[in-house]
1. Enumerate the amide H contacts of V265 below 5 Å, restricted to partners 5 or more residues apart or on another chain; note that Pro and chain-start residues carry no placed amide H.
2. Compute the distance in nm between two label points, each set 7 Å from the Cα along the Cα-to-Cβ direction, one at D436 and one at A323.
3. Could you please tell me the mean projected area of the C-alpha convex hull for the chain, averaged over all directions and given in square nanometres to one decimal?
4. Counting other beta carbons within 10 Å of each Cβ, put R116, R287 in order, fewest first.
5. Applying 1/(1 + (r/R0)^6) with R0 = 60 Å to the Cβ-Cβ distance of A492 and S16, what FRET efficiency is obtained, to the nearest 0.05?
6. What net charge do the residues around A398 carry, taking every other residue with its C-beta under 12 Å from that of A398, with Lys and Arg at +1 and Asp and Glu at -1?
7. Loop only by DSSP, 10 or fewer other Cβ within 10 Å of the Cβ. Give me the chymotrypsin sites (Phe, Trp or Tyr not before Pro) in region 413-493 that pass, ordered by residue number.
8. Using the basic label-point model (7 angstrom from Cα toward the beta carbon), what is the L156 to L113 distance in nanometres?
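Just so you know, all these numbers are worked out from the coordinates, no wet-lab data involved. The structure presented is a predicted model; accordingly, all values stated were derived computationally and were not measured. Cβ coordinates were reconstructed from backbone atoms using ideal geometry, including for glycine residues, and neighbour counts include every protein chain displayed.
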Amino acid sequence: MLRPWVLRIILHRDSSASVHRQITHAIIAEIRAGRLAPGSALPGSRKLAESLKVNRKTVVQAYDELVAQGWLAADSTRATFVPSQLPNVEPGIRAPRQARPSGKIAEAPDFRLPRRPPALAYLPRADGMLAFDDGLPDTRLMPVETLARAYRRALLEAGRGNRLGYGDPRGSEKLRSAVSTMLNLDRGLSCAPDNICIVRGSQMGIYVAARILTEPGDVAVMEQLSYPPAREAFRAAGAEIATVELDSEGLRLDQLEALCRRKRVRAVYVTPHHQFPTTVVLRPERRLYLMMLAEQFGFAIVEDDYDHEFHFDHRPMLPLASADRGRKVVYIGSMSKVLSPSLRIGYMHAPVPVIDRAAAEVMMIDRQGDPAGEEAVAEMMSAGVIKSHTRKVLRIYAERRALLGALLQDAFGADVEFLLSPGGLALWVHFDSSIDMGKLADAGRRNFVSFLSGSAFAMTDAPVEAARLGFGSMNADELRQAVGRLREARRAI
Ligand SMILES: Cc1ncc(COP(=O)(O)O)c(C=O)c1O
C-alpha cells in the first residue's frame with residue numbers, strides 16, 4: 001500500500017462547515033488532484049486526530065462517510081486506503097483526475113508546446129530481452145573498481161582543494177590536458193588543452209556544434225543512412241537537413257559537390273572512421289576531396305569519431321581533423337564506448353574561438369560537468385589504465401565479432417551478406433530481399449530478441465534491407481542465444 005508523504009488538511013475553526021465535513025472535503029480534493037493516488041493508505045484515525053487536534057470520533061465519522069461514498073475503502077485490518085475504482089461524480093463536477101501509480105498526473109498540459117518533438121524514441125529494454133544494440137560496449141567489462149578508487153581520490157582532492165564549486169565550463173584542466181595528449185598521440189592531432197571542451201557525451205558535442213554552426217534555414221548535410229540523434233540536433237538548431245548517398249567507399253562526394261552548388265551548405269556531419277550505421281571506412285582520396293570541398297564552399301565538417309578505439313584489422317585510420325590545415329573540422333569523441341555511456345564524458349576539439357563558443361553553450365545547457373568524475377578519468381588516462389583496458393577489451397570484442405559472423409552465417413546462410421566490419425562494435429548485415437525486415441523485427445521481439453533494422457537510420461523513406469547488429473554488449477552465450485532466437489523468428493514469419 002502506498003503511503004502519502006503528507007496529508008494536506010487545513011481546518012478553519014471559524015468556518016460555518018463542520019470539522020468532519022472539512023476533513024471529508026479536503027480528502028476528496030487530495031484524491032481528485034492525484035496527490036492521493038489509488039492504493040494510497042490514509043493515516044490511522046488516532047494519528048490524524050492528533051495531528052489535526054480534533055476528537056478521534058470526528059475523524060472516524062469522516063472516514064466512515066468517505067467509505068460509504070466510495071472515496072475510501074477499509075480492509076480487514078481496518079486500514080483505510082484509496083480504492084482503485086473511484087465514485088462517479090455528479091454531472092457538472094470535474095471527474096477526479098486519474099493519477100498514475102507514481103502519483104504523477106497523466107494529463108496533457110494546458111499550455112502550448114511550440115515546435116514538433118524530435119523524432120527519437122527511448123525504448124526501455126523488456127525483461128529477458130536480448131538486444132542487438134547499435135554498437136554499445138559491455139559495461140560488465142568496465143574497470144569499475146579502478147574507477148571507483150580514482151573517483152574517491154579525485155573527490156577527496158577536489159573537496160580539499162575547494163574545487164567542487166562552479167568551475168570552467170570547458171571542463172577540468174586535467175581532463176582537457178589528458179584528452180589533448182591522447183588525441184595528439186593516438187589520433188594524429190596537434191592540439192593544446194585550450195582546443196578542448198569537455199561535454200556530457202558526444203551527443204552533447206553534436207548538439208553544441210549544431211547550435212554553433214547553423215542558424216534557422218541553413219543547410220546541414222548527412223549521409224542517407226546516418227545517426228538520427230545527430231539529425232535531430234541539427235533540426236533543433238533550425239537547420240534544414242539535406243542528404244547524400246553512400247557507396248562502398250563512403251559518402252558520395254559528387255552528390256555533395258552538386259548540392260553545394262545549389263544550396264548554402266553550412267555543415268556536413270560525418271563518421272568517417274566507421275560510418276554509422278554501415279561501418280564503411282571513408283577512403284583516403286574521399287577524405288582529401290571532402291576537405292577540399294569544405295575549403296571551396298566554406299562549410300564546417302562535424303567529425304563524429306564515436307568509437308575510434310576499436311579497430312581490428314590494421315592501424316586505425318587517422319581522423320579528418322588530423323589533416324585539418326584549413327581549420328574546418330569540429331572533432332567530437334567520447335568515453336562512452338571505451339568505458340561506459342553512463343559516465344557521460346565526451347570531448348570536442350576545434351579552434352579556440354569555436355571552443356569558447358562551445359563553452360558559452362555549455363553555460364546555458366548545464367553549466368559544467370562533474371569535476372571529480374572528470375579528474376578521475378583524467379587520472380586513469382594519464383596512468384595508462386584506459387589504454388590497457390582498451391587492449392584487453394579489444395581482444396574480447398574481436399572474438400565476439402568473429403563469433404557473431406560465424407553464427408549468422410550458420411543460421412542464415414545465403415540469406416545474409418556482410419563484411420566483418422574493420423572496427424566498431426556492430427556489423428552491418430544485408431538480408432535477402434525476400435525477408436521483410438519489419439516483420440522480422442516484430443517476430444524477433446515476440447521471441448525476446450530485438451535489433452535495429454536499417455530503416456531506423458534512414459533519413460528518407462527508401463526501404464533498407466539491412467540491420468545494424470551490435471555484438472559488443474553480449475557475451476558468447478548471449479550471442480548464441482540471440483542468433484538462435486532470430487533464426488526462430490525468421491522461421492515464424
Ligand atoms: C554515431 C554515434 N554518435 C554519437 C553517439 C553518442 O554517444 P555518447 O553521447 O554516449 O558519447 C553514439 C552512441 O551510440 C553514436 O553511435
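1. none
2. Rounded to a tenth, the inter-label distance reads 4.6 nm.
3. Spelled out: convex hull of the Cα atoms, projected over all directions, averaged, 31.7 nm².
4. Values: R116 7, R287 23.
Ranking R116, R287 by Cβ neighbours within 10 Å, fewest first, gives R116, R287.
5. On the way: r = 70 Å, r/R0 = 1.16.
Step by step, r from the Cβ atoms, then E = 0.30.
6. Values: positive: R391, K392, R395, R400, R401; negative: D313, E399.
Summing Lys/Arg as +1 and Asp/Glu as -1 gives +3.
7. Details: sites: F418, W428, F431, F448, F451, F457, F471; in loops: F448, F471.
For chymotrypsin sites (Phe, Trp or Tyr not before Pro) across region 413-493 that sit outside H, G, I, E and B with at most 10 neighbouring Cβ atoms in 10 Å, the list is empty.
8. Each label point lies 7 Å from its Cα, and together they span 4.7 nm.
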